[in-house]
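K.L.:
Sending over a structure as structure tokens; questions will come in a sec.
The values are calculated or read from the model by the stated rules, or taken from the named source; none is laboratory data. Values in this document were obtained by computation on a predicted structure and should not be read as measured data. Using ideal geometry, Cβ is built from the backbone for each residue, glycine included, and neighbour counts are taken over all protein chains shown.
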């Protein structure tokens, strides 16, 4: 009974059969193309399934790579933006230094009268000024600056000191309505008085006789009649001449050479006595 139900011979037989089949397949694969074609055929049939099973992983991989590349590009863009920003700031600073040097050179070339000494001053920026016809500078009583001190720049007359303390001063511009300035036509003996009319408008003269010949485009310089402003410093250019029929006089309007928005450095003229 034990021999009948013993499975070992059957198991051995299966092993032998398997070995024989394997040898036949190997020999067939070496000397025949049939198995190669069969393998290609099977691969073609299962390849859609293979691609279908790999599709989720492919999508995941591409998505992951996209976000990795996006973050890398984002960091690179941020780095390049910061680098360009720093270079622009450095370039701006270089241009600013260049313009400052030009302004300083022009101011230092102003011919100063012998009886006056000069002090170089710098504007104190006021981003929300109360009055637009005044400026503040970084010089005061400790520097010998007093009310009435004349203020110039490379364009000509700027104004005069009206209020000061130990470290800074307030400059009233010639466009201030309270400023009166004796002027004359350049290279001429024609003299008259002009005054401020607000810094958004041109300077305006007092009434001038119609006998005096004036022309649009004439350049005005200080006449020195008040012995306060130096003689011959540029003031402005005549832009229009208005004839007042009621009073039979002319009124001259003058565009000042003063450019408020470009002022940074100023020259103060102080009596050396």
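K.L.:
List every residue pair whose Cβ atoms sit under 8 Å apart, with the two residues 6 or more apart in sequence or on different chains, where the first one lies in region 209-228 and is free of Cβ contacts under 8 Å to residues at least 24 places away in the same chain and the second, anywhere, is not in a strand (DSSP E or B).
P.N.:
Filtered contacts from region 209-228: 213/190.
K.L.:
Which condition number does residue 229 fail, the rest of (1) under 31 Å from the mean Cα position of the chain (by Cα); (2) under 28 Å from residue 138 (Cβ atoms) being met?
P.N.:
All conditions are met except number (1).
K.L.:
Could I ask something else about it? Answer with yes or no whether residue 182 is at pLDDT 90 or above, touching a strand residue (DSSP E or B) at 6+ places or on another chain (Cβ under 9 Å) and more than 14 Å from residue 255 (Cα to Cα). Steps first, answer last, please.
P.N.:
Details: at pLDDT 90 or above: yes; touching a strand residue (DSSP E or B) at 6+ places or on another chain (Cβ under 9 Å): yes; more than 14 Å from residue 255 (Cα to Cα): yes.
In short, yes.
K.L.:
Follow-up question, since we're still on this one. Every residue in region 171-191 that is free of Cβ contacts under 8 Å to residues at least 40 places away in the same chain and buried (at least 18 other Cβ atoms within 10 Å of the Cβ), please.
P.N.:
Scanning region 171-191 gives 172, 179, 184, 185.
K.L.:
For region 243-264, how many residues meet the condition of being in contact with a helix residue (DSSP H, G or I) (Cβ under 9 Å, 6 or more places away or on another chain) and closer than 23 Å to residue 217 by Cβ?
P.N.:
Within region 243-264, residues that are in contact with a helix residue (DSSP H, G or I) (Cβ under 9 Å, 6 or more places away or on another chain) and closer than 23 Å to residue 217 by Cβ number 1.
K.L.:
Follow-up. What number of residues within region 235-273 are under 13 Å from residue 155 (Cβ atoms) and at pLDDT 90 or above? Spell out the reasoning first.
P.N.:
Kept after step one, since they are under 13 Å from residue 155 (Cβ atoms), are these residues of region 235-273: 235-237, 255-267.
Narrowing further to those that are at pLDDT 90 or above: 235-237, 255-256.
Number of matching residues: 5.
K.L.:
Moving on. Would you please name the residue that is farthest from the chain's Cα centre (by Cα), looking only at residues in region 192-204 that are at pLDDT 90 or above and surrounded by fewer than 22 Cβ atoms within 10 Å (Cβ to Cβ)?
P.N.:
Restricting to residues being at pLDDT 90 or above and surrounded by fewer than 22 Cβ atoms within 10 Å (Cβ to Cβ), the top hit is 192.
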